[in-house]
1. What are the residues in the range 15-27 that are closer than 24 Å to residue 66 by Cβ and surrounded by fewer than 20 Cβ atoms within 10 Å (Cβ to Cβ), if any?
2. In the range 110-127, is there at least one residue being under 12 Å from the mean Cα position of the chain (by Cα), part of a strand (DSSP E or B), surrounded by 13 or more Cβ atoms within 10 Å (Cβ to Cβ) and at pLDDT below 95?
3. Is it fair to say residue 48 is farther than 22 Å from residue 111 by Cβ, touching a strand residue (DSSP E or B) at 6+ places or on another chain (Cβ under 7 Å), modelled with pLDDT under 95 and surrounded by 13 or more Cβ atoms within 10 Å (Cβ to Cβ)?
4. Run down 21, 43 and say which single residue is in a helix (DSSP H, G or I) and either under 20 Å from residue 130 (Cα atoms) or free of Cβ contacts under 8 Å to residues at least 12 places away in the same chain (or both).
5. Yes or no: the range 19-26 includes at least one residue that is modelled with pLDDT under 95, within 16 Å of residue 126 (Cα to Cα) and in contact with a helix residue (DSSP H, G or I) (Cβ under 7 Å, 6 or more places away or on another chain).
């Protein structure tokens, strides 16, 4: 479990989030590939947690992985997602969650570009984007 600082009831989350955002972030769901609003976003800015506003990823670290989900090779410094072992769906993966509110974001894999070699594969439904002026 993460060291959460934002705690809300299920009812509060349901009031704040869309049905899809709730399904993904609070129930650990996954959006269909190539359907999320940020998978092809090329604008400059910062991606925040849709639940609590925590800054998570910068557009400078986003890259095209071909997977259909926004992919990043590094999180915002000092805002590293919490990593949990995920054995659902008959495979072993590393789930990533928001360090502030424990929202499910996606998964991290060790097949990304250098310098980290990591691919944070993140659901658009778990993100808000703040465009840089």
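The values are calculated or read from the model by the stated rules, or taken from the named source; none is laboratory data. Values in this document were obtained by computation on a predicted structure and should not be read as measured data. Cβ coordinates were reconstructed from backbone atoms using ideal geometry, including for glycine residues, and neighbour counts include every protein chain displayed.
1. Correct list: 20 only.
2. Of the residues in the range 110-127, the ones under 12 Å from the mean Cα position of the chain (by Cα) are 119-127.
From what is left, the residues that are part of a strand (DSSP E or B) are 119-122, 127.
Now drop any that are not surrounded by 13 or more Cβ atoms within 10 Å (Cβ to Cβ), which leaves 119-122, 127.
Keeping just the survivors that are at pLDDT below 95 gives none.
No, every residue in the range 110-127 fails to be under 12 Å from the mean Cα position of the chain (by Cα), part of a strand (DSSP E or B), surrounded by 13 or more Cβ atoms within 10 Å (Cβ to Cβ) and at pLDDT below 95.
3. Values: farther than 22 Å from residue 111 by Cβ: yes; touching a strand residue (DSSP E or B) at 6+ places or on another chain (Cβ under 7 Å): yes; modelled with pLDDT under 95: no; surrounded by 13 or more Cβ atoms within 10 Å (Cβ to Cβ): yes.
It is false that residue 48 is farther than 22 Å from residue 111 by Cβ, touching a strand residue (DSSP E or B) at 6+ places or on another chain (Cβ under 7 Å), modelled with pLDDT under 95 and surrounded by 13 or more Cβ atoms within 10 Å (Cβ to Cβ).
4. It is 21.
5. Filtering the range 19-26 for residues modelled with pLDDT under 95 gives none.
Checking the range 19-26: not a single residue is modelled with pLDDT under 95, within 16 Å of residue 126 (Cα to Cα) and in contact with a helix residue (DSSP H, G or I) (Cβ under 7 Å, 6 or more places away or on another chain).
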